[in-house]
Amino acid sequence: MKFLIVEDDLVSQEVLKVILTPYGHCEVAENGKIALKKFTSSLESGDSYDLICLDIMMPVMDGQAALKEIRRLESERSIGGSDMVKIVMVTALEDAKNVMEAFVKGSCEAYVTKPIVPTKMQQVFKDFGMEPKTH
Amino acid sequence: MSEQYDPEHIEMVQEFVQEIRELLDELEPVIIEMGQSCSDDGEVGDITDDINSIFRLFHSIKGAAGFLNFTNIATSSHSAENLLDLIRTDVFPLTADHIDLLCQGIDFIRAAIDHVENEFNDEALAEESKEIRDKFLQAIEHSKGGDTTAAAPETAPAPPKAEAPPLIDLYAQPAESVSPEMVKSFISEASYLLQNLEEELLRWLKDLDNHDILNEIFRGIHSFKGNCGFLDFADMEALSHQMESVIDFTRTGGQINKTSAGELLLKLIDIHRESVTDIDNGGSGEIIGLDIYRDMLADLLPANQKLAPIQQGKQAPLPAPPERLGEILIEQGATSKEEISDSLAQQNKPLGEILLESGSVDEKQIEKALETQAKRRQKKAPGKQAVKKQDIRVDLGKLDSLIDFIGELVIAENMVINNPDLEELELDNFQKAGQHLGKIVRDLQEMAMTLRMIPVSGLFRRMIRLVHDLSRKSGKKVDLQLIGEETEVDKTVIETITDPLVHLLRNSMDHGIEPAEKRLAANKPESGTIKLSAFHEEGVVKITIDDDGGGLPRDKILAKAVEKGLINGDGSDMSDKDVFALIFAPGFSTADQVTDISGRGVGMDVVRQNLEKIKGSIDISSKPGQGTKVELQIPLTLAIIEGMLVRSGESRYIIPIINIIESFRATPEMITIAPDGQEVVKVRENLLPIIRLHEMHGLTPDNHELEKGILVVLEARGANFCLLVDELLGQQQTVIKGLSSYVSKFGGNIGGVSGCTIMGDGEVCLILDVQKILEMTQEPEGE
């Protein structure tokens with residue numbers, strides 16, 4: 001498993017890393033723009049991510065924009081259906097607009113609100129049928 | 001799942017409903033288009049991108065529904081996703097049945113979001129959801145079985161038991177949803193019932209032992225409860241149920257303080273009224289503080305008679321957090337429930353005052369509670385507004401009167417600017433101010449006009465579905481092309497032409513487009529094309545339906561018309577146009593056999609009637625073997641035109657500027673007289689007939705010589721002619737006023753006049769209808 005954590009806050013980055021590492025390898029991007037760069041090159045190298053954790057409030061490019069851009073990049077390459085990368089929004093924003101925008105416009109797979117609690121994240125992974133490697 | 005919905009959940013659901021609806025509207029046509037690119041012989045065009053976007057549609061719905069715990073919606077979207085994923089990865093090809101199934105899936109989702117919009121949960125949808133899921137599963141299994149063609153008839157089962165949305169009926173409401181008409185009739189019915197109940201209760205309070213009145217009250221509240229329950233106004237239902245129980249208890253001789261019961265019931269009638277008003281204003285009819293009222297009712301009954309909460313299939317959602325002053329006071333420990341209800345029983349003034357008087361709370365406590373109340377109300381408000389956001393709903397009647405007033409304003413402005421008293425005065429500043437006013441008035445006018453306009457795209461997109469369904473039903477392949485979807489049309493126009501458009505499309509599908517074999521034999525592409533287009537032209541909106549089918553059979557129509565006695569003679573001397581017009585006669589149908597799509601001969605009649613309602617017209621042109629074109633012409637509602645004021649003798653007329661090409665004074669050598677006596681004028685190699693306006697309306701002109709008057713070249717429907725007038729007076733904005741019915745009664749053609757207007761000086765002036773004038777000149781020639 002290969003993960004991309006898109007998060008500008010160092011503490012959240014670390015917390016997510018700790019939670020995700022049992023499941024696979026983690027990479028980090030500080031904002032949406034860097035995430036897109038990493039995402040594109042992963043597609044080109046054929047070693048694409050299995051899951052992306054996306055924060056919304058970030059500098060340079062926010063998570064909503066990044067989410068839509070990721071989906072656009074995928075559809076450009078005719079990547080669809082269950083081949084689409086799984087995206088979990090991990091954010092402190094929990095207003096209806098943001099949640100529904102992420103789901104409906106961005107087709108994200110899950111929406112987890114901060115504070116990040118391991119059990120919440122683990123439940124998401126369970127829903128995706130992902131198991132930690134060491135267990 | 002909790003039965004109580006906090007404002008956040010409600011807001012979330014509203015957002016969900018709105019977003020998903022948008023998405024569905026966007027993607028439903030994609031599904032249909034995809035269906036068209038997938039032919040039955042297994043040859044599939046490149047649909048990967050379409051499949052992917054539809055997959056994403058269901059995926060988004062699944063994700064969002066999952067987040068909101070709408071498991072039934074989520075699981076059915078998931079099964080659609082599964083099917084699509086298998087098609088995407090080429091496990092099996094897409095078939096027309098899959099398209100049908102996806103459409104059914106969409107229908108289910110639509111019904112489901114209508115449901116959750118009101119209920120905030122999808123628990124009632126378990127059965128439908130399972131049905132849809134099963135169908136997708138079946139389809140997947142059958143398709144995996146390999147033989148797609150053989151499996152097809154079974155995978156597209158006849159509509160499910162529950163008779164899911166019948167495909168043809170565009171107007172079918174999803175079973176769960178409540179139509180606005182129903183709500184409307186509920187409101188009037190409920191208001192009436194509540195009024196009656198109030199009167200009866202007042203009577204009963206004066207005559208406490210009268211059993212008849214009590215029975216009457218019981219019946220009233222019972223039917224009120226039924227109405228509420230039918231429309232799923234759970235709070236009102238719950239409250240009226242309990243009121244009913246109290247009355248029933250009293251009626252059957254239970255020990256109860258009748259006076260306080262009566263007073264409380266009266267109070268509660270007011271509460272119901274508030275809810276009904278709320279519903280009338282588009283609210284949900286929820287009763288704030290329902291619990292307290294229910295407790296108060298329960299307190300009326302002896303302890304051993306406590307009511308069980310209303311038991312129902314669907315548990316009523318309990319009300320939102322308390323907002324009533326009394327409740328807050330109890331919450332803050334300032335008083336008790338009993339005190340509140342006592343106070344409520346005598347409530348004629350604000351509760352706070354009563355409690356103060358009775359000394360059970362002090363002023364500070366009340367103030368504090370009132371503050372809390374205000375805050376909570378404020379806090380609730382944004383949640384409620386979420387539904388309305390960028391648009392507000394305005395009564396059409398209000399809009400219409402606004403537009404009427406603006407029309408009057410234009411007239412008034414003309415009256416001021418062109419006031420006869422000002423003639424020959426040098427008024428520089430007045431002129432400037434007048435121009436400024438004029439500009440603002442025109443801007444206002446344009447603005448008002450756009451208020452009622454909506455694009456036809458919504459209407460057109462519904463036709464995609466209609467054509468798809470008809471095409472499946474009749475087995476004819478048809479490609480529907482939409483042109484000019486963004487054209488904006490008045491809202492009433494959209495409503496009025498929906499029916500005609502459906503009829504016309506059905507006709508095109510059924511009578512126009514031939515079956516595939518016939519088309520191939522005639523050297524035409526196998527699948528037919530219907531073009532549906534809308535555009536603005538010369539102040540009217542034109543909507544055309546253009547098919548490349550067999551065209552209208554002139555002989556058949558004539559034969560039928562003779563058979564039905566609609567015409568005299570054999571009609572061989574009639575023009576094509578007149579023959580085609582026959583199909584608008586009531587009860588006319590040439591279809592050899594009546595299909596369930598069309599052929600009963602009511603359609604075209606209704607089409608014409610509907611169009612006449614909005615002063616539109618319909619034109620049919622047809623070429624045998626090449627297709628039929630139906631053109632609907634609809635005037636823009638706000639009848640203000642740019643007009644040219646002309647004079648002939650003593651009378652003044654307005655000619656719509658759009659019809660005027662040029663005007664000139666003729667020289668004698670330009671004029672010739674045709675053998676039939678018609679005067680013609682030669683304008684740059686073109687010979688144009690001349691019509692004398694004064695002859696048409698029996699006026700005395702300044703002079704009869706053509707050379708001395710002004711010839712105005714007019715154009716209508718591509719034909720040109722000249723109109724002789726005495727003088728051009730200038731251009732001006734003209735508000736069209738219809739001619740009163742007693743004038744129009746003199747026949748459809750009142751000398752080529754379409755309406756009248758009121759001039760700046762208060763005089764009435766007729767507006768010429770160029771097209772009618774043209775028709776009048778052509779008639780004698782029998783064109």
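The values are calculated or read from the model by the stated rules, or taken from the named source; none is laboratory data. All of these numbers come straight from a predicted model, not from anything done at the bench. No Cβ is skipped: glycine too gets one built from the backbone with ideal geometry, and neighbour counts run over all protein chains shown. Just the protein is used for accessible areas: all its heavy atoms, side chains included, with ligands, DNA and RNA removed. Shrake-Rupley method; radii C 1.70, N 1.55, O 1.52, S 1.80 Å.
Worth pointing out:
- Evaluated against (1) on the phi > 0 side of the Ramachandran plot; (2) within 13 Å of another protein chain (Cβ to nearest Cβ), residue A:46 falls short on exactly one condition, (2).
- Every residue from the stretch B:93-106 that is part of a loop (DSSP other than H, G, I, E, B) and away from chain A (no Cβ under 14 Å): B:93, B:95
- Only one of B:90, B:25 that is open to solvent by 10 Å² or more (accessible area, probe 1.4 Å), at pLDDT 80 or above and among the acidic types (Asp, Glu): B:25
- Test: residue B:111 is open to solvent by less than 30 Å² (accessible area, probe 1.4 Å), more than 13 Å from chain A (Cβ to nearest Cβ), more than 16 Å from residue B:139 (Cα to Cα) and aliphatic (A, V, I, L, M): yes
- Condition check for residue B:526: part of a loop (DSSP other than H, G, I, E, B) and out of contact with any strand residue (DSSP E or B) (no Cβ under 8 Å at 6 or more places or on another chain): yes
Quick grid of which residues meet (1) aliphatic (A, V, I, L, M); (2) touching a residue at least 12 places away in the same chain (Cβ under 8 Å):
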{"residue": "B:63", "(1), (2)": "no, no"}
{"residue": "B:79", "(1), (2)": "no, yes"}
{"residue": "B:101", "(1), (2)": "yes, yes"}
{"residue": "B:109", "(1), (2)": "yes, yes"}
{"residue": "B:112", "(1), (2)": "yes, yes"}
{"residue": "B:141", "(1), (2)": "no, no"}
{"residue": "B:144", "(1), (2)": "no, yes"}
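- Residue match in the stretch B:298-307 (condition: in contact (Cβ under 8 Å) with a residue 12 or more places away in the chain, closer than 21 Å to residue B:195 by Cα and touching a Leu at 6+ places or on another chain (Cβ under 9 Å)): no
- Boolean, residue A:52 is in contact (Cβ under 8 Å) with a residue 12 or more places away in the chain and at the interface with chain B (Cβ under 10 Å from one of its Cβ atoms): no
- With respect to (1) within 14 Å of chain B (Cβ to nearest Cβ); (2) open to solvent by less than 10 Å² (accessible area, probe 1.4 Å); (3) not charged (D, E, K, R), the lone exception for residue A:32 is condition (1).
- Residue that is farthest from the other protein chains (Cβ to nearest Cβ) [pool: residues in the stretch B:36-85 that are open to solvent by less than 20 Å² (accessible area, probe 1.4 Å) and at pLDDT below 80]: B:38
- Scanning the stretch B:457-495 for residues that are in contact with a Lys or Arg (Cβ under 6 Å, 6 or more places away or on another chain) and assigned to a helix (DSSP H, G or I) gives a single hit, B:491.
- Tally of residues being within 53 Å of the chain's Cα centre (by Cα) and open to solvent by 50 Å² or more (accessible area, probe 1.4 Å) across the stretch B:664-676: 2
- Helices (runs of 4 or more DSSP H) fully within the stretch A:16-135 that include at least 2 residues being touching a Gly at 6+ places or on another chain (Cβ under 6 Å): A:63-76.
- Options B:555, B:592, B:596: the member that is modelled with pLDDT of 70 or more and in the same structural domain as residue B:497 (by TED's automatic domain parsing): B:555
- Considering the stretch A:105-132, the residues that are touching a residue at least 60 places away in the same chain (Cβ under 8 Å) and open to solvent by 10 Å² or more (accessible area, probe 1.4 Å) include one that is nearest to the other protein chains (Cβ to nearest Cβ), namely A:128.
- Pairs meeting the criteria (first residue in the stretch B:1-25 and facing chain A (nearest Cβ under 7 Å), second residue modelled with pLDDT under 80 and not in a loop (DSSP other than H, G, I, E, B), beta carbons under 7 Å, at least 6 apart or on different chains) are B:11/B:383.
- Residue check, residue B:452 open to solvent by less than 30 Å² (accessible area, probe 1.4 Å), of a type in the set (D, E, K, R) and under 30 Å from residue B:485 (Cβ atoms): yes
- Residue list for the stretch A:73-104, filter: more than 11 Å from chain B (Cβ to nearest Cβ) and either over 23 Å from residue A:130 (Cα atoms) or surrounded by 23 or more Cβ atoms within 10 Å (Cβ to Cβ) (or both): A:73, A:90, A:91, A:92, A:93
One line per residue, one yes/no per condition, for (1) free of Cβ contacts under 8 Å to residues at least 12 places away in the same chain; (2) of a type in the set (S, T, N, Q); (3) surrounded by fewer than 21 Cβ atoms within 10 Å (Cβ to Cβ); (4) assigned by TED's automatic domain parsing to the domain that holds residue B:32:
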| residue | (1), (2), (3), (4) |
| --- | --- |
| B:432 | yes, no, yes, no |
| B:446 | yes, no, yes, no |
| B:489 | no, no, no, no |
| B:515 | no, no, yes, no |
| B:523 | yes, yes, yes, no |
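- Residue list for the stretch B:565-582, filter: surrounded by 15 or more Cβ atoms within 10 Å (Cβ to Cβ) and assigned to a loop (DSSP other than H, G, I, E, B): B:566, B:567, B:571, B:574
- In summary, residue B:755 fulfils each of the numbered conditions (1) modelled with pLDDT of 75 or more; (2) exposed (fewer than 14 other Cβ atoms within 10 Å of the Cβ) with the single exception of condition (2).
- Within the stretch B:386-400, if we keep just the residues that are assigned to a helix (DSSP H, G or I) and surrounded by fewer than 10 Cβ atoms within 10 Å (Cβ to Cβ), the residue that is modelled with the highest pLDDT turns out to be B:398.
- Scope the stretch B:684-719; condition modelled with pLDDT under 85 and in contact with a Cys (Cβ under 8 Å, 6 or more places away or on another chain); matching residues: none
- Annotation note: of B:505, B:451, the sole residue that is in contact with a Leu (Cβ under 7 Å, 6 or more places away or on another chain) and within 28 Å of residue B:402 (Cβ to Cβ) is B:451.
- Within the stretch B:642-679, the set of residues being among the aromatic types (Phe, Trp, Tyr) and more than 16 Å from residue B:715 (Cα to Cα) comprises B:653 only.
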